[in-house]
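The values are calculated or read from the model by the stated rules, or taken from the named source; none is laboratory data. Predicted, not measured: the structure shown is a model, and the values here were computed from it. Glycine gets a Cβ as well: all are built from the backbone with ideal geometry, and neighbour counts include every protein chain shown. Ligands, DNA and RNA are excluded from the accessible area calculation, which covers all protein heavy atoms including side chains. Shrake-Rupley method; radii C 1.70, N 1.55, O 1.52, S 1.80 Å.
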Amino acid sequence: MANATVQQAVPPAMQPAAKAVVDFAVSSFEQGKPARAPMSLQVPPPPPPPLMEGGGQGNATLEVGDVLQVTSGIGVNLRETPSADSKRLGGFGNTTRLEVVAPPEGTPEQNGFVYVSGPDGARGWVSTEFTRELTEAEAAQAPATTASSTDVTTEAAAAYQPVYVDQFKVEKDVGGDEQNANCGPAATLTALRNEGLEIPLIDMLPPDSLLGQRTTGAEVQAVRYWGNQENDSGDDGVTTDADGKNILRESENDHYTGIVDIQNAVTKAGGTTASVAPNTTAIAEAVRNGSTVVVLGTFLEFVKATPETPEALRAPGDLVYADKDADGVADTNDAGEKILATKAKSDTWTRGGGAVEHFVAVVGMAESGNFIVCDPAHPLKAPIEVEPSKLEAFMRGNGGTHPIAVNGASTSETETTGG
């Protein structure tokens, strides 16, 4: 490259000497040795290379600097390497904007994955199947305001850090891969800890088992076990090996938790439960009466049809069918059923995890009247302070499912009202 520049800018008679100077300087730099100062040739910088035809935002070729958007209703996982089997680093909700950045090595698009940076600066690989490249006009528009910028761990919230349970980390305690549906057991364990209750470990396992040691992971698995053992043993997470020894099921965390499972686990820990009306007034009353409240909600909502919505994508109830590939035909699931389009709510807190339905634990109240929420999948991995309107928004669309108040052994001081 340097010699090509010399040929363009130096008269033919001086080119041999000029090339020798440049070659010496380049060679010395590559060897890590100080180079003799070259003679000043007054060579102007070369012109910038011409743009490649078809390059730029929205050209269907993923390049560093391109802006993408998550198109999956349940979000997309962030991976350590370009593989669905690699470690999960987190995830992004539907409609989240992502920027293509240079990976540690190789090209930004590999094996059906693309290397991106998220709104919070987290970097990793996401599946291209669940994203789309924005057009140049879309990328130029300011992204929609989300609740993520207002998520905070205040002094009041930080006081509850000892009871917080990270639903992904707990699986590592028992040799898992941090991919799970653990929000229910994790939120329940948070409630038990906040009420001073202790879940019995799964004592039927060998003493040297990972589940026989009182770690947070073992306690979460015990919540799952005791919650399902009587009414749904197929979801209790335990099976036996060829020698008859009790072990975790290979898919021990693939099953979602229900309200009955939470009630069973609390009872096993010696606590009591009560139903709470699904509104923030009743939840606040229960918390102030000494309860911890486990709440089911969602970070997604269905997309409403507009006059511009094509007839083929209109769904009953003035909703819209998903059309990820924009071919005008509704997307379907494995059973051939049409899929409703969803979008991330903009009036609740940052989405945690990838589940449409999600359990959190309301562990306290701040003096301001805000709720202290332990979201087991929150990116901050800490309790957050949540305004009542955001908790209401979180519960919107959960089918009216009643929160569950968790208390210690029933006493006159721990009775919960507001059913």
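Restricting the first member to segment 272-290 and to residues that are on the phi > 0 side of the Ramachandran plot, and the second to residues that are outside any helix (DSSP H, G or I) and open to solvent by 50 Å² or more (accessible area, probe 1.4 Å), the beta-carbon pairs closer than 9 Å and six or more apart or on different chains are G290/E413; G290/E415. Scanning segment 108-131 for residues that are at pLDDT 80 or above and open to solvent by 80 Å² or more (accessible area, probe 1.4 Å) turns up E109, N111, R123, E129. Within segment 384-400, residues that are more than 16 Å from V363 (Cβ to Cβ) and among the charged types (D, E, K, R) sit with their Cβ atoms under 8 Å from residues that are open to solvent by 50 Å² or more (accessible area, probe 1.4 Å) and modelled with pLDDT of 95 or more, at 6+ positions apart or across chains, in these pairs: E392/N279. Scanning segment 79-107 for residues that are open to solvent by less than 50 Å² (accessible area, probe 1.4 Å) and over 16 Å from Q69 (Cβ atoms) gives R79, P82, S83, S86, R88, G90, P103. Taken over segment 147-177, the criterion of being at pLDDT 70 or above and among the β-branched types (V, I, T) is satisfied by V152, T153, T154, V163, V165, V170. The set of residues from segment 317-362 being open to solvent by 80 Å² or more (accessible area, probe 1.4 Å) and within 30 Å of T281 (Cα to Cα) comprises K343, E357.
Cβ separations smaller than 6 Å between residues 6+ apart or across chains give the following pairs from segment 181-198 residues that are touching a residue at least 24 places away in the same chain (Cβ under 8 Å) to residues that are aromatic (F, W, Y) and surrounded by fewer than 24 Cβ atoms within 10 Å (Cβ to Cβ): A181/Y256. Apart from one condition, I74 fits all of (1) in a loop (DSSP other than H, G, I, E, B); (2) at pLDDT 85 or above; the exception is (2). Of note, N180 does not satisfy the criterion of being open to solvent by less than 10 Å² (accessible area, probe 1.4 Å), assigned to a loop (DSSP other than H, G, I, E, B) and either farther than 22 Å from F371 by Cβ or at pLDDT 95 or above (or both).
Only residues that are within 11 Å of T188 (Cβ to Cβ) and either at pLDDT below 70 or not in a loop (DSSP other than H, G, I, E, B) (or both) were counted in segment 235-271, giving 8. Scanning segment 51-71 for residues that are modelled with pLDDT under 90 and closer than 30 Å to E171 by Cβ yields a total of 3. When K343 is tested against the conditions (1) part of a strand (DSSP E or B); (2) within 30 Å of S291 (Cα to Cα); (3) within 21 Å of the chain's Cα centre (by Cα), the lone failure is (2).
Of the numbered criteria (1) farther than 17 Å from G184 by Cα; (2) modelled with pLDDT under 85; (3) among the charged types (D, E, K, R), the one E285 fails is (2).
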